[in-house]
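What follows is one structure encoded as structure tokens, with my remarks underneath.
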Amino acid sequence: MDIAVLISGVADPKWPLPHELSVASLQIHAARYAALSPFDEAALELALALRDANPDIRITTLVAADDALTRRVAGWRPDTVCRVDLETIARWDGAAVAVALAQALLERAPEASLVLVGREFGDYDDGSVPAALALALEMTYVPLALNVRRQAEGFAALRQGPGALERVQLSAPVLLGATNDPGNRLRHPLMKNVMLSKKAVFEVLQAASSAPCGVLRLDTVAPAQAPVRRADCEWLEGSPEQKARALAQVLMAAAAT
């Protein structure tokens, strides 16, 4: 059985943003300080755990990042690692990214029974790519997946539902949007595999989107302004007994409204 994992990476939050904010400067910053996001790590760990339990599973990993992050992913020894070049795709356009990823998957992992992707593909905190990708691939989509295991001809997944955890039975093929959880924390790679990854040569897929151009355009960026929070406040004076009586009156008045 073949499964595919999509990795994007984020700008490492340990590094401050550039002083001059622009679309170009943020793209350069994200590429220079790329790191795995918690959701990337969850998707990769779910794939590795499936292979641990089912040795016949083969993992194809597509990394939409630079060579350095691709090499880091290779340290966990997926069966195949490819780099997907999305330089020509606007990363804030979830539909265009999804179409490009679908083409890359159909080219490199056409027989994948399961596709795992972090719930937010990239560092723009939008979360639209996994759903759009499932639509492009015509696959069943399960968001907020915490765990998955192979079952008969399909999979059993545990996901975070609106008010409780949900267990779902799924027929292949299926796409899971993974979210981070203590149960899917990414393991440390073996040092020998990390050393082998330093010599690896990766296939590069030049992704191109057939989505309509100009549907979504990012013109400018600016620092986010922290919201101003105001609340009525009453200072209670007097002795502890007087403050207690005054507080009791405030609470009774609040309960009556």
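Structure values in brief
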item	result
Amide hydrogen neighbours beyond the local backbone of ASN147, cut-off 5 Å, H modeled	LEU158
Degrees separating the helix 94-108 axis from the principal Cα axis of the chain, which is the longest one	30 degrees
Global geometry of region 113-220, whether rounded, prolate or oblate, following the gyration tensor of its Cα atoms and the 1.5 cut on a/c	oblate
Residue-by-residue Karplus 3J(HN,Hα) for region 37-52, coefficients 6.51, -1.76, 1.60, Hz, glycine and proline x	7, x, 7, 4, 4, 4, 4, 5, 5, 4, 5, 5, 5, 4, 5, 4
For region 151-158, Karplus couplings with θ = phi - 60° (6.51, -1.76, 1.60), whole Hz, Gly/Pro x	8, 6, 9, x, 9, 10, 10, 10
Prolate/oblate/rounded call for region 165-257, Cα gyration tensor, a/c under 1.5 rounded	prolate
Over the chain: helical MRE at 222 nm, DSSP H runs n ≥ 4 each giving -39500 (n - 2.57), nearest 500	-10000 deg cm²/dmol
Size descriptor, Kirkwood hydrodynamic radius, that averages inverse alpha-carbon separations across region 2-206, Å	17.1 Å
For ALA34, distant residues with modelled amide H under 5 Å away	ASP12
Highest average packing first - 24-35, 138-149, Cβ atoms within 10 Å	138-149, 24-35
For region 236-253, 3J(HN,Hα) per residue [Karplus equation, 6.51 cos²θ - 1.76 cosθ + 1.60, θ = phi - 60°, Hz, x = Gly/Pro]	8, 9, x, 6, x, 5, 5, 5, 5, 5, 5, 5, 4, 5, 5, 5, 5, 5
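Every number in this text was worked out from the coordinates using simple rules, so none of it is lab data. Computed from a predicted structure; not experimentally measured. In this analysis, Cβ positions are derived from the backbone assuming ideal geometry, glycine residues included, and neighbour counts consider all displayed protein chains.
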